[in-house]
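Take a look at the structure set out below.
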Amino acid sequence: MVLAMESLNRLLHCWILLISLLFVVNGQFPTTLEGPFKPVTVPVNYSIIGQVTSLPVNDNPLLSPEIEFQPQQISLSLSSDLSSVWVSWITGEYQIGDDIEPLDPQSVASVVQYGVYKSGRNNLAAGSSFIYSQQYPNEDPNNYTSGIIHRVLVTGLDPDTMYEYQCGDPSIPAMSEVHYFRTMPSPPKDYPSRVAVVGGLGLTYNTSTTISHMAANHPDLALLVGDLSFADLYCTNGTLCDFQNCSFPQSPLQETYQPRWDHWGRFMQILTATVPTMVIEGDHEIEKQADDLTFTAYNYRFAFPSDESGSTLYYSFNAGGIHFVMLGAYVPYDKSSDQYKWLERDLFNVNRSVTPWLVAAWHPPWYSTYKDHYREAECMRVEMEELLYKHGVDIVFNGHVNAYERSNRVYNYTLDPCGPVHITVGSGGNEMNLTLEHADEPGNCPDPSNTPDRFMGGSCGFNFTSGPAAGNFCWNEQPEYSAYRESSFGYGILEVKNQTHALWLWYRNQDRYSVGTDGIYIVRQPDRCPS
């Protein structure tokens, strides 16, 4: 059995190496114009399937700064204005317990010193600061209060320009090291060179490999499609929950170890302090607490361009000639909801001559063929798919499923040359290992009544009425809308070349950062598919 497995792994390695060599030799990738493509399933490489190990919290990247009120967990994010960037960071230490004295947000200034690269940091911007608490039920003694969260909007920036900056309080003094970032290019003909996309990060050795690979590819923008720190998988005593030994097992997702957010933020600073990073919430960000509050850590720890939407759980922004729409799957999305009405307005106001590319992202995928979370977001698809299709969304990014999958162009489960390409990138490193089983494999088709996510609510499961799956809830083979699927840790890079061509590359952790395993040119056809 062991010899057979080793032989399979050697054959798998040779097969993947051959594909990579073909890409390198030919220097070409297929385009969506050549599709739809015959479905491909990459065999599982069992040598990478093992116990998922969290990074030790006493590692240097996860330790608190030695200087009091030294900025930590520094992150950049885009605003609704191309000439502005948010800078966020945390000072001071979190506190745990009921008998504590929270830090005073006004005791430390929120200042960013910045300037064009190598011209001096002669400009100043000031912002606001605050703290948040995570209160647990049952008089839990491990209630959490954060350090001081600082948020500064830096304005008046030139497009496609490298800047240097420091943040902190210059009067203490307690300033960060010097960091650098590049602003987004101006539309319509310019695009960020590389947009990194990943979900399901966590804080494991797999996470470390993913972020190292991603940083080596020098992205201009990062998109995190939910399931970030996985703090909710840890009990309030800091141990990984098995959902049986937590203090209130009836509601295990209420018990969440908030210091995991601080550890995650310190580690992610190697990316977020230099690359503007945009996030959307996943189910692991819900973190329900006392008084039924949800998404508290998520709402406080990140800055969002949410002025127009009025919500941090759904919003939009531009990056050069790309308009991104970030949708919330765990807030109302039906046609009478605030989110749906906002989305209608937002899509109606998109000027495709200024932002030719339209990209949508949310957490649970509509077109995943894996057994885990299969058709879990069906109600969301029923409500919103037609609107996205009508406005010509080009690409959809999702997470949630701990694996990778790319679809052919699809709409309403039917191959459609004007439908978007759906890409699931949910295996950045998470604490829960990879998803291996597919719903179309014998015995794996879930009961439709068990598919709705408990946070999303509702049941919209139905059997297909036509095609190879007619009369069934699942296909009995890899569906034709699924072009490529693989259970590996990794991330993706989107390179928009011009108004009609964008190259998508999927990178696996076990490969060199310069080798993309799955690659395709996504081609827009505005004359054929008007929006």
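Could you grab me the full set of residues in region 101-137 that are part of a helix (DSSP H, G or I) and exposed (fewer than 13 other Cβ atoms within 10 Å of the Cβ)? Hit for region 101-137 is Q106, nothing else.
Just so you know, in region 177-215 the residues that are out of contact with any Asp or Glu (no Cβ under 9 Å at 6 or more places or on another chain) and of a type in the set (D, E, K, R) include one that is nearest to G492 (Cα to Cα), and it is K189.
State which residue is surrounded by the fewest Cβ atoms within 10 Å (Cβ to Cβ) when the search covers only region 256-291 and only residues that are assigned to a helix (DSSP H, G or I) and among the basic types (K, R). Can you show your working first?
Narrowing region 256-291 to residues assigned to a helix (DSSP H, G or I): 259-272, 283-285, 290-291.
Then keep just the ones that are among the basic types (K, R); that gives 260, 266.
On the way: R260: 24, R266: 22.
Only one residue fits best here, namely R266.
The set of residues from region 45-62 being more than 30 Å from Y484 (Cα to Cα) and at pLDDT below 90 comprises V57, N58, D59, N60, P61, L62.
Restricting to region 56-72, name every residue that is part of a loop (DSSP other than H, G, I, E, B) and out of contact with any His (no Cβ under 8 Å at 6 or more places or on another chain).
Within region 56-72, P56, N58, D59, L63, S64, P65, E66, I67, E68, F69, Q70 meet the criteria.
Being in contact with a helix residue (DSSP H, G or I) (Cβ under 7 Å, 6 or more places away or on another chain), under 30 Å from G310 (Cβ atoms) and not in a loop (DSSP other than H, G, I, E, B) narrows it down to one residue among S75, S47; which is it? That would be S75, the only listed residue that is in contact with a helix residue (DSSP H, G or I) (Cβ under 7 Å, 6 or more places away or on another chain), under 30 Å from G310 (Cβ atoms) and not in a loop (DSSP other than H, G, I, E, B).
Would you please name the residue that is modelled with the highest pLDDT, looking only at residues in region 23-44 that are part of a helix (DSSP H, G or I) and surrounded by 13 or more Cβ atoms within 10 Å (Cβ to Cβ)? Checked region 23-44; the qualifying residue modelled with the highest pLDDT is T32.
Note on region 164-185: residues that are among the hydroxyl-bearing types (S, T, Y) and either within 19 Å of P65 (Cα to Cα) or touching a Gly at 6+ places or on another chain (Cβ under 7 Å) (or both) amount to 3.
Within the option set V425, V410, V421, being of a type in the set (A, V, I, L, M), farther than 26 Å from S531 by Cα and either out of contact with any strand residue (DSSP E or B) (no Cβ under 8 Å at 6 or more places or on another chain) or surrounded by 19 or more Cβ atoms within 10 Å (Cβ to Cβ) (or both) holds for one residue only, V425. For region 138-156, state whether one or more residues are out of contact with any Phe, Trp or Tyr (no Cβ under 7 Å at 6 or more places or on another chain), buried (at least 17 other Cβ atoms within 10 Å of the Cβ), more than 22 Å from T294 (Cβ to Cβ) and among the small types (G, A, S). No: region 138-156 contains no residue that is out of contact with any Phe, Trp or Tyr (no Cβ under 7 Å at 6 or more places or on another chain), buried (at least 17 other Cβ atoms within 10 Å of the Cβ), more than 22 Å from T294 (Cβ to Cβ) and among the small types (G, A, S).
Yes or no: region 204-226 includes at least one residue that is within 25 Å of Q135 (Cα to Cα), modelled with pLDDT of 90 or more and not small (G, A, S).
Looking only at region 204-226, we keep the residues that are within 25 Å of Q135 (Cα to Cα), and these are 226.
Of the ones still in play, those that are also modelled with pLDDT of 90 or more are 226.
Applying the additional criterion that residues be not small (G, A, S) yields none.
So far as region 204-226 goes, no, none of its residues is within 25 Å of Q135 (Cα to Cα), modelled with pLDDT of 90 or more and not small (G, A, S).
Within region 430-471, track down each residue that is among the small types (G, A, S) and part of a loop (DSSP other than H, G, I, E, B).
Quick first cut of region 430-471, residues among the small types (G, A, S) only: 439, 443, 449, 457-459, 461, 466-467, 469-471.
Hits for region 430-471 are A439, G443, G457, G458, S459, G461, S466, G467, A469, A470, G471.
Within region 312-326, residues that are more than 17 Å from L494 (Cα to Cα) sit with their Cβ atoms under 8 Å from residues that are in a strand (DSSP E or B), at 6+ positions apart or across chains, in these pairs: Y314/M326; Y315/M326; S316/H323; S316/F324; S316/V325; S316/M326.
Restricted to region 367-393, and to residues there that are open to solvent by 10 Å² or more (accessible area, probe 1.4 Å) and in contact with a Lys or Arg (Cβ under 8 Å, 6 or more places away or on another chain), the residue that is farthest from D440 (Cα to Cα) is G392.
Restricting to region 171-195, and then to whatever is among the aromatic types (F, W, Y) and within 21 Å of the chain's Cα centre (by Cα), can you tell me which residue is most open to solvent (accessible area, probe 1.4 Å)? Among those residues, the one meeting the criterion is Y191. Per the conditions (1) on the phi > 0 side of the Ramachandran plot; (2) open to solvent by 20 Å² or more (accessible area, probe 1.4 Å), the sole criterion not satisfied by G97 is (2). Quick check on this structure: which one of G238, G226 is closer than 25 Å to E431 by Cα, part of a loop (DSSP other than H, G, I, E, B) and without any contact (Cβ under 8 Å) to a residue 40 or more places away in the chain? Matching residue, one of G238, G226: G238. Output the residue which, of all residues in region 46-69 that are in contact with a Ser or Thr (Cβ under 7 Å, 6 or more places away or on another chain) and surrounded by 12 or more Cβ atoms within 10 Å (Cβ to Cβ), is nearest to I148 (Cα to Cα). Filtering first and then ranking leaves F69.
Name the residues in region 431-480 that are among the aliphatic types (A, V, I, L, M) and more than 27 Å from the chain's Cα centre (by Cα), would you? Walk me through it before giving the result.
Narrowing region 431-480 to residues among the aliphatic types (A, V, I, L, M): 432, 434, 436, 439, 456, 469-470.
Of everything in region 431-480, those that are among the aliphatic types (A, V, I, L, M) and more than 27 Å from the chain's Cα centre (by Cα) turn out to be A469, A470.
Among the conditions (1) part of a loop (DSSP other than H, G, I, E, B); (2) surrounded by 23 or more Cβ atoms within 10 Å (Cβ to Cβ), the only one that S353 does not satisfy is (2). Within the set G127, G147, the sole residue that is on the phi < 0 side of the Ramachandran plot and in contact with a Lys or Arg (Cβ under 9 Å, 6 or more places away or on another chain) turns out to be G127. For D307, the test of being modelled with pLDDT under 95 and part of a helix (DSSP H, G or I) is failed.
Do we have any residue at all in region 398-405 that's among the charged types (D, E, K, R), crowded, with 22+ Cβ neighbours inside 10 Å and under 30 Å from S54 (Cα atoms)?
Within region 398-405, the subset among the charged types (D, E, K, R) is 405.
Subsequent filtering for residues that are crowded, with 22+ Cβ neighbours inside 10 Å retains 405.
Adding the requirement that they be under 30 Å from S54 (Cα atoms) leaves 405.
Yes, region 398-405 contains a residue that is among the charged types (D, E, K, R), crowded, with 22+ Cβ neighbours inside 10 Å and under 30 Å from S54 (Cα atoms).
Evaluation of T294 against the conditions (1) under 16 Å from the mean Cα position of the chain (by Cα); (2) of a type in the set (S, T, N, Q); (3) part of a loop (DSSP other than H, G, I, E, B) shows that the sole unmet condition is (1).
Checking each residue in region 468-516 for being small (G, A, S) and either open to solvent by 10 Å² or more (accessible area, probe 1.4 Å) or closer than 22 Å to N398 by Cα (or both) picks out A470, G471, S482, A483, S487, S488, G490, G492, A502, S514, G516.
The values are calculated or read from the model by the stated rules, or taken from the named source; none is laboratory data. Because the structure is a prediction, the values reported are computed rather than measured. So basically every Cβ, Gly included, is an ideal-geometry build from the backbone, and we count neighbours across all protein chains shown. Quick note on the areas: whole protein, heavy atoms, side chains included, nothing else; ligands and nucleic acids left out. Shrake-Rupley method; radii C 1.70, N 1.55, O 1.52, S 1.80 Å.
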